[in-house]
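*Asks:* Just dropping this structure here.
Any read-out appearing in this document is the output of simple, stated calculations on the displayed coordinates, not a laboratory observation. Bear in mind the structure is a predicted one, so any value in this text is a computation, not a measurement. Here the Cβ positions follow ideal geometry from the backbone for every residue, glycine too, while neighbour counts run over all protein chains shown.
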Amino acid sequence: MTLDNLIAQAREALTAAINNRRQEQDALIALREDPNLTEEAVTERVTARDAADAEVTRRQAVLDELLAEQAREEEIAALSQRIQPTGVRAGGIERSARISMEERTYRRDLDPRGQGFERDVAAAFLGDYEAQARLAQHMREERVERGDQLDRGQQQRAVGTGAFSGLVVPQYLTDMYAPAAQAMRPFADACRGHQLPPDGMTVNISRITTGSSTALQANENDAVSETNMDDTLLTISVQTIAGQQTLSRQSIERGTGIEAVVLDDLFRRYATTLDSTLLNQATTGLSAAATAVTYTDASPTAAEAYPKIIQGLSEVEAAMLDQASGDNIAIMHSRRWYWLQAAMGSTWPMITQPGIVVQTLGANFGETYGRGVRGVLPNGTPVIVDNNVATNLGAGTNEDEIYLVDRLECHLWEDSSAPMFIRAEQPKAANLGVLLVVYGYIAYTFTRYAHSRKVSGTGLVTPTFA
């Protein structure tokens, strides 16, 4: 785990602590408005609020320490590039050596939009040897930094400075594209990720479908229970996601940042297609794999829909039994999430949940779209908002669904270097065209254990916010 990862985790922990402290303060204010409050109840709530305060302080201290460490590491990196004496004498002459850390060929701070990378890709096809050398150096850097992640097939596809038929896009450029305005991949990011195997077009998993048995022995020396175990092979297809765009040489050579705009759109479309495939693909997508919990209602309300969600979660656990991780999530469209937030109620749950103030019906974390968990339901289940959830379901083609899953049983295999970028001039040379292609391989399954549930039916028609 890198220092950046630790800082990101520390920021998330601090945000959660601040949200908890805010909830404790709100609960204290609500309690003080109760005409029947007692001094003991106020003292207990103040103690809880103060404990939340202390947790915020502790989390802030951890984050400050990590940020200070990061700043020091950056200072050390800058110092390491200076010439320093080695203290070794050869032939009576003290010699010096340059101790340095080589910078990446393509860097976010110098070229945030990646135009240098794109120009080199174009120039390499025109025989620019310096551009070819820079691209070759970039590929060497990728194998050094991500060699444990790049699979053998990727390395075979990406080598060679003459053709450059496949290039790993600099990681910071891929990261830059992620926040762009598309449905993107909120659910895919929440799935349990795996490295796609280097060969083959299927992923195979052995599942025990007939287990052993035990029973009480009626009498001494009687035969004990025996059932032969059996397994069934779960075969998962490797699928290809790809898109292309043909640009005129005039737009590239006379325009400004044209390739960057096209690449940005292709990468966003790739991420959106991947996520939509996981949710909506026939037969294997989450909607097809999940068992329905039907909610039928001509005048639906959030208060009536919520028990159906709890029913679905109970069935998820019943299906998983001792294999349940407890890391359950709910996936829904943004219109359904805001519909639940619009609900008003005068009664509170009979049973409180960890981290949830009893007066509330859940919590909204205030995160922006695509940035992870958006909030929690009244029982503490995290919610992933994903606008790849279909909204044209049902007889009236106006229903959406709420999915309930054990997150660790949502398996997604991806090539760590995907998506790949191909730039080809030869196929369209006679038309003065340049072909840009983005592609990648994925495999996924939600049926290693048949556990997923979905709340569906006329109760989930287009919501009204009256």
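*Asks:* Per 10 Å bin, what percent of the C-alpha pairs of segment 3-71 does each bin hold, from zero upward?
*Replies:* So the P(r) values, bin by bin, are 22, 36, 22, 14, 6, 0.
*Asks:* Same structure again: As a footprinting exposure proxy, order HIS333, HIS138, HIS451 by other Cβ within 10 Å, with the fewest listed first.
*Replies:* By the 10 Å Cβ count, ascending: HIS138, HIS333, HIS451.
*Asks:* Can you list, bin by bin at 10 Å, the percent of alpha carbon pairs in segment 178-290, starting at 0?
*Replies:* Once binned at 10 Å, the Cα pair distances of segment 178-290 give 10, 24, 23, 16, 11, 7, 4, 2, 1, 0.
*Asks:* With each pseudo-label sitting 7 Å past Cα toward Cβ, what's the ALA41-THR462 distance in nm, one decimal?
*Replies:* So the two model labels end up 4.5 nm from each other.
*Asks:* Subtracting the Cα-Cα distance from 0.36 nm times the residue separation, let me have the gained length for ALA292 to ALA450 in nm, one decimal. Each step should come with its number before you reach the end.
*Replies:* Numbers: separation 158, 0.36 × 158 = 56.88 nm, distance 1.23 nm.
Going from the current span to full extension adds 55.7 nm.
*Asks:* Using modelled backbone amide H atoms (1.01 Å from N, in-plane), which distant-in-sequence or interchain residues come within less than 5 Å of MET184's amide H?
*Replies:* THR272
*Asks:* Also, I was wondering about something else. I want to check the label-to-label distance for PHE365 and ASP109. Put each point 7 Å from Cα in the C-beta direction and report it in nm to one decimal.
*Replies:* The two pseudo-label positions are separated by 3.1 nm.
*Asks:* What FRET efficiency would be calculated for the residue pair GLN217, ASP322, taking the C-beta separation as r and a Förster radius of 30 Å, to the nearest 0.05? List each step's numbers first, then the result.
*Replies:* Values: r = 24 Å, r/R0 = 0.81.
My answer for the efficiency is 0.80.
*Asks:* Spelling out what I want: for every residue of segment 196-208, take phi, set θ = phi - 60°, compute 6.51 cos²θ - 1.76 cosθ + 1.60 (Karplus), and round to whole Hz; glycine and proline get x.
*Replies:* My calculation for segment 196-208 gives 5, x, x, 10, x, 10, 9, 10, 10, 10, 8, 10, 6 Hz in order.
*Asks:* Also: Quick one: if you stick a label point 7 Å off each Cα along the C-beta vector at GLN426 and ASN280, how many nm between them?
*Replies:* Result: 3.7 nm between the two label points.
*Asks:* Work out the FRET efficiency for GLU304 and GLN137 from their Cβ-Cβ distance, taking R0 = 45 Å, and round it to the nearest 0.05. Let's see the in-between values first.
*Replies:* Numbers: r = 62 Å, r/R0 = 1.37.
Computed FRET efficiency for GLU304 and GLN137 comes out at 0.15.
*Asks:* Given a Förster distance of 30 Å, report the FRET efficiency between ALA242 and SER206 from their Cβ-Cβ distance, rounded to the nearest 0.05. Could the numbers behind the result be given before it?
*Replies:* On the way: r = 31 Å, r/R0 = 1.03.
The formula returns an efficiency of 0.45 here.
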